[in-house]
Structures are given as C-alpha cells and as structure tokens.
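Below is one structure; the comments refer to it alone.
The values are calculated or read from the model by the stated rules, or taken from the named source; none is laboratory data. Keep in mind that this is a model prediction, so the values were computed, not measured. SASA here: full protein model, heavy atoms, side chains in, ligands and nucleic acids out. Shrake-Rupley method; radii C 1.70, N 1.55, O 1.52, S 1.80 Å.
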Amino acid sequence: IHESFGDDTAVSMGGGGTWNMLSRFPERFAAGVPICAVWPTASFNPTEVGEIRTLDLNGGSQLVLRADSAILTSISDEARNVTIERGGAYFDVASDANRPFIVSAGGVDVRVHGTALDVLKGPSSVTVSVTHGHVSVADVTADKSGEARKADLTAGQQLTVQADGTFRAVVEVD
C-alpha cells in the first residue's frame, strides 16, 4: 500500500519483494518494526516489456524509463535520489545546488550536476553515458585498500563499472 500526501510525504505498508524498505532505508525504521514508515515522497516505477515511460520529477528534471526497467525515486527538500532496480533510464536533470541529484545502481552512485545522461544497470555492470554537463561516478563499495573508486565524466564520455567494482577505461561516445 502506498499513499502520498500533499506535504511531500508518503506512507507505504507491506514488506519484501523488490521494495524491501528495511534493507534500503534502515535508518527510517524503529528496530524490529518495518511495517509502516513516513518519509519524503518516494515512489516505485516499473515498466513492462516494450513499454517506455517519461516521468517528470520535482524541480524541472525529467527521466525516460527504458522498457522492462524499475526505479525507486525519493524526492525531498534536501535531495533527489533515484535507484535503478533493473534496466535503465535517460535523465535530463535541472541544476539545483541545494538538492543533489544522485542515481544509484548496482553499488554505483552517480552525482549529477545539471546534466543529461543515460544509466544502464546490466546483470554484471553499470554503464554511465553523459550527453551534456558532467557527473561524478563512485563505486560505493571500497576496494581492498579501503578507498572508494571515483571518476568524473563530461559530455561525450562513457564509463562502465563491473560488478566487482572495476572501472573500465573512460571512452568517447557520440
């Protein structure tokens, strides 16, 4: 059950499945009570095979969700977060210095700086392609030295991050 309210909050009840809120947002739940929570507007958006959907996000940003994809969005006054559960999306993000826009997929976080980009989560990698502007890509799982890997991409660049955290070389794309 998911219910949105006019004050940018939402309530969802239930458990398990793709939207396992306890594991995704443990700080939002009291110990042992993952039944009901209130948080900034959040929504789960899947597409079917062959379906492409355009979503307008708060603040002038927009995304085009690929066929057979699923995302979780969480938009608040402090941040704009999109988690790609499967598939991918094209993002056209309006710049807002007070609210970072972060796309998460398969252990990779992409911090978007007023940019257009494509993010595709495959079975063994995440690929980020920048159309205009720039993004910062970080593997949120630290390597053996304890350091998280990071890369900055600008328009016309693409980076693929393997499931083990390996960054492939940045390549130029059209």
Original post:
Given H placed 1.01 Å from N in the peptide plane, which residues other than close sequence neighbours of residue 86 have an amide H under 5 Å from its amide H?
Top reply: 70
**OP:** Go through the stretch 104-117 residue by residue and turn each phi into a ³J(HN,Hα) via Karplus (6.51, -1.76, 1.60, θ = phi - 60°); whole Hz please, and just put x for glycine and proline.
**Re:** 10, 7, x, x, 10, 10, 10, 8, 9, 10, x, 9, 10, 7
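Rounded if a/c is under 1.5, else prolate if a/b beats b/c, else oblate: with a ≥ b ≥ c from the C-alpha gyration tensor eigenvalues square-rooted, which is the stretch 49-174?
rounded
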Original post:
Going from most exposed to least, what order do 159, 120 have by accessible area with a 1.4 Å probe?
Top reply: 120, 159
Subject >> Exposure of residue 172 as accessible area (Å², to 10), given a probe of 1.4 Å and all protein chains >> reply: 130
